[in-house]
Amino acid sequence: MNIDKRIEYDKELLNILPDGVLVLNSDGEVTQLNQQAQTELHIKSFPDKSTQPLRIENIINLIYHKEDILPVVMEGLRKGEQGYTLPEHIDIQEKNNYTQFPVNGRFVTVREDGELKGILFFFRNITVELTQEYILNTALQRTKIYPWYYDIARSEFTLDYRYFEHLGITPGINNTLTMEEYVEMIHPDDRQAMADAFTIQLSGIETFEKPVPFRLHRGDGTWEWFEGQSTYIANVLGHPYRLVGICMSIQEYKDIENTLIEARKKAEESDKLKMAFLANMSHEIRTPLNAIVGFSDVIASTYYELSDEERADFVRLISINSEHLVRLIDDILDLSKIESNTIEFTFENYPLKSLLRDIEMEQAMKPVPGIEIKALLPDADTNVVTDATRLKQVICNLINNARKFTEKGHIHFGYTVDPNHADSVLIFVEDTGEGIPNECQKEIFDRFYKVNTFKQGTGLGLSICKTIVEHLQGEISVSSEPGKGSRFMVTLPLNIQRED
Ligand code: ADP
């Protein structure tokens, strides 16, 4: 091959390279430049028609930590360095349009008998790579997707280090885990599905593309849901030698799914309870109404045949049933107000002791034989900023329940101020009644819930109490022992937090 042909051949060879290439003589003058370098450095024509030789310093700066390190690099090569690999985070700034871009690259020297004959500079604009890496990392970070690969020959997983961070476990050497270690982390119930997917993948006959959900044991001892997906890389014979895949945390979706399942269960439950309530309601209303209508009829039709005692008895029964009917209707009206959020609260500073004394007096008007109904009050009065009418409704409801479920003993109510919680007051109503089984103590605050469906009542009172207490910024709870009695407690702040 003659020399011209050789040069032409070399030129073509350089031009097909994807990297930019500059060939320099020992003085740093550019003797050759491939197509990619011309494009990246915005050089329109080369060799330059002017007589001035083109020096590398006149075409580019090498910007590293804001400084141009090109003169230092060239100096080093002239002084005997064999080559120089560009460090990370270095930019080329070309001097035609002064654009700047990140690069990978290397200087290589050509020497004859130790004497510098030329320098080659290869570089690659990595803007697209860095952008893609950034986009991928951002996407992976946000979606909690963790890439991994499995080396079949070594039976070893290499995982994204963020996977270990996320799970709160210590990474193995080079972020690896053996198959045994990984299987150990998988929930026993999910191991078979994972093993099946792996077997298919490792067979190299077909790929298992469906995502496999599984639980992993986290460093804090909890289980987290993931979804794994993989494919394999095969050698020329088609035998897989590496599995590559991703693991995506689906815990958030699982949590949402669980919340929805829970909500649906609650809705179905509440639907069932409402239906039961409606059925119960007609019975609840009809019973006192029948009694009122029935006894009124008897009095009206047989007034003169009845003794004074009988008449008084019937009137008493009419009065009891009317009272019950009024309470029932009050409850339903209250409930509908709460449902439609139209219940109004008026807060004012109110002395608690006098409120409870009033209740005690009212209770004294309707004594129950064999039951002592008494207020236990501290000497000092306590003022509470509250809606006194609503608070009274709650306490009376608790006392009425106590009356309903107590055969003998006492019903005591009152309040205490714990010096350790001086900003709140605890109001209690306790009885020596039938008590509430442990497993029902949470549910009794739900709407329409009754421990014994045959007992008189709507199952609404306590749920109304709970809603009212929450509006009063307090809490309601119960402690109870079947056969011994119950103690209902309402904790109220002495002063409410006002919303601005
Ligand atoms: P109601 O009393 O109208 O049925 P509540 O919501 O007031 O509805 O009470 C719900 C259930 O809680 C009652 O049916 C009863 O089973 C239980 N309960 C409430 N208070 C007491 C109490 N003091 N002693 C025993 N059980 C009680």
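The values are calculated or read from the model by the stated rules, or taken from the named source; none is laboratory data. No experiment lies behind these values; they were computed from the predicted model shown. Backbone-built Cβ (ideal geometry, glycine too); neighbour counts: all protein chains shown. Note: areas computed on protein heavy atoms with side chains; ligands, DNA, RNA excluded. Shrake-Rupley method; radii C 1.70, N 1.55, O 1.52, S 1.80 Å.
What whole-number distance in Å separates the alpha-carbon centres of segment 283-344 and segment 349-426? Their Cα centres are 27 Å away from one another.
Positive contributions from Lys and Arg (+1) and negative ones from Asp and Glu (-1), summed over other residues with Cβ under 15 Å from the Cβ of Val315, come out at -4.
Could you compute the FRET efficiency for Arg403 and Asn341, with r as their C-beta to C-beta distance and R0 at 41 Å, rounded to 0.05? It comes out at approximately 0.85. In plain terms, the chain from Asn15 to Thr231 could stretch by 74.1 nm, reckoned as 0.36 nm per residue minus the Cα-Cα distance. Relative to the dominant Cα principal axis of the chain, helix 251-302 is inclined by about 10°.
Using just the alpha carbons, could you tell me how many Å³ per residue the convex hull of the chain encloses? Present the calculation step by step, with values, prior to reporting the outcome.
Details: hull volume 156.3 nm³, N = 500.
Looking at the chain, the number lands at 313 Å³ per residue.
When the listed pairs Lys44/Lys79; Lys266/Lys450; Lys392/Lys455; Lys337/Lys366 are checked against a 21 Å cut-off, the alpha-carbon distance exceeds it for Lys44/Lys79; Lys392/Lys455; Lys337/Lys366. Close amide H partners of Tyr350, meaning residues 5 or more places away or on another chain with modelled amide H under 5 Å apart, are Val384, Val385, Thr386. Using the Cβ-Cβ distance between Asn137 and Leu306 with R0 set to 60 Å, the FRET efficiency works out to roughly 0.05. When the charge dipole of the chain is built from unit charges on Cβ atoms (+1 for Lys and Arg, -1 for Asp and Glu) and taken about the Cα centre, the candidate among Pro213, Gly76, Val385 whose Cα reaches farthest toward its positive end is Pro213.
The region of the chain that goes longest without hitting one of the GluC sites (Glu not before Pro) in a DSSP loop, each with at most 14 other Cβ atoms within 10 Å, is 89-205. Residue by residue, segment 104-110 carries 3J(HN,Hα) couplings of 10, x, 7, 9, 10, 9, 10 Hz when phi is fed to the Karplus relation 6.51 cos²θ - 1.76 cosθ + 1.60 (θ = phi - 60°); x denotes Gly or Pro.
Divide by every residue of the chain the summed helix terms, -39500 (n - 2.57) for each DSSP H run of at least 4, and state the resulting mean residue ellipticity at 222 nm, rounded to the nearest 500 deg cm²/dmol. Intermediate results must be reported in sequence, preceding the final value.
Numbers: 13 runs with 201 residues, N = 500.
Rounded to the nearest 500, the figure is -13000 deg cm²/dmol.
Karplus-derived 3J(HN,Hα) values for segment 451-464, using 6.51 cos²θ - 1.76 cosθ + 1.60 with θ = phi - 60°, are 5, 10, 5, 7, 6, 5, x, 9, x, 9, x, 5, 6, 5 Hz; glycine and proline are entered as x. Counting protein heavy atoms only, segment 159-296 has 58 percent of its accessible area on carbon and sulfur, 1.4 angstrom probe. Listed by chain and number, the aspartates and glutamates whose C-alpha is less than 20 Å from the C-alpha of Lys11, apart from same-chain residues fewer than 8 away, are Asp19, Glu29, Glu40, Asp48.
The phi torsions of segment 176-190, fed into the Karplus equation with coefficients 6.51, -1.76 and 1.60 and a -60° offset, translate into couplings of 10, 9, 6, 4, 4, 5, 5, 4, 4, 7, 7, 4, x, 5, 9 Hz, rounded to whole numbers, with Gly and Pro shown as x.
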